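Rule-based calculations on the coordinates, nothing more; no lab input. Fair warning: this is a prediction, and the values are worked out from it, not measured in the lab. Cβ placement follows ideal geometry from the backbone for every residue including glycine, while neighbour counts extend to all protein chains displayed.
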Amino acid sequence: MGRILLIEFTDDDKQEFEEIIAYLKRFPHFEKMSFSNENIISFPGLEISPEQRTVYCNCKKVHLTTKEFDILCLLATNKGQVLTYEQIYQCVWGGFPSGEVNDTIGYHVRNLRKKLSKVPSFSVQCTREVGYCFEIQSE
């Protein structure tokens, strides 16, 4: 195992940063790593990457349908808040519901719960005849 060097610079340290990078470039065997600026929604046992459209449950990739993923992201980003069936439909399907959408959304939420059942740290709670809420379990 090699050594890792982490250095944090402020905007005022630009010249020093450039000097260090120029020096390190003289040694091609040094490996440069960088971090992405991707936003990740993270909870204990669950990691959601909206940009990559991936979900990891206990470090294992979970395959979700497009609608399941969109519903999970919507609920997770609004954790603790009950979203109505109409709000979910408008955000995920991109339009105003015409008719009863509760069963359609409920179908996708049931599948989502099954696929993420190994993560006890959160739950998708139903508020009867209103909508759903993403809740973090307290220890």
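Under 10 Å, Cα contacts only: if you run a Gaussian network model on the chain, which one of His63, His108, His29 comes out with the highest mean-square fluctuation? Of the options given, His29 has the highest mean-square fluctuation.
Bridgeable lysines around Lys67 (alpha carbons under 16 Å apart, same-chain partners fewer than 8 residues away excluded): Lys114, Lys115. This model, with +1 at the C-beta of Lys and Arg and -1 at the C-beta of Asp and Glu, gives the chain a dipole about its Cα centre of some 840 debye. Within straight-line reach of Lys118, meaning a Cα separation under 16 Å, sit the following aspartates and glutamates at least 8 residues removed in sequence or on another chain: Glu47, Glu135. Among Glu18, Glu129, Glu86, the largest mean-square fluctuation in a Gaussian network model of the chain, built with springs joining Cα atoms closer than 10 Å, belongs to Glu18.
The alpha-carbon of Lys25 sits under 17 angstrom from the alpha-carbons of these aspartates and glutamates, leaving out residues fewer than 8 places away in its chain: Glu16. Ranking of Lys115, Lys60 by neighbouring Cβ atoms within 10 Å, starting from the fewest: Lys60, Lys115.
Taking the charge dipole of the chain about its Cα centre, with +1 at Lys and Arg Cβ atoms and -1 at Asp and Glu Cβ atoms, the residue from Ile7, Pro44, Cys59 reaching farthest to the positive side is Cys59.
Of the residues Arg53, Arg26, Arg113, the one that moves most in a GNM of the chain with alpha-carbon contacts below 10 Å is Arg26. Axis angle, to the nearest 10 degrees, between helix 102-115 and the longest C-alpha principal axis of the chain: 50 degrees. Restrict the search to segment 15-120; then list the chymotrypsin sites (Phe, Trp or Tyr not before Pro) that DSSP places in a loop and that have at most 11 other Cβ atoms within 10 Å of their Cβ. Passing sites in segment 15-120 are Phe30, Phe35.
Among the listed options [x] 1.18; [y] 1.23; [z] 0.93, the one matching Rg/Rh (Cα atoms, Kirkwood Rh) as calculated from these coordinates is [x].
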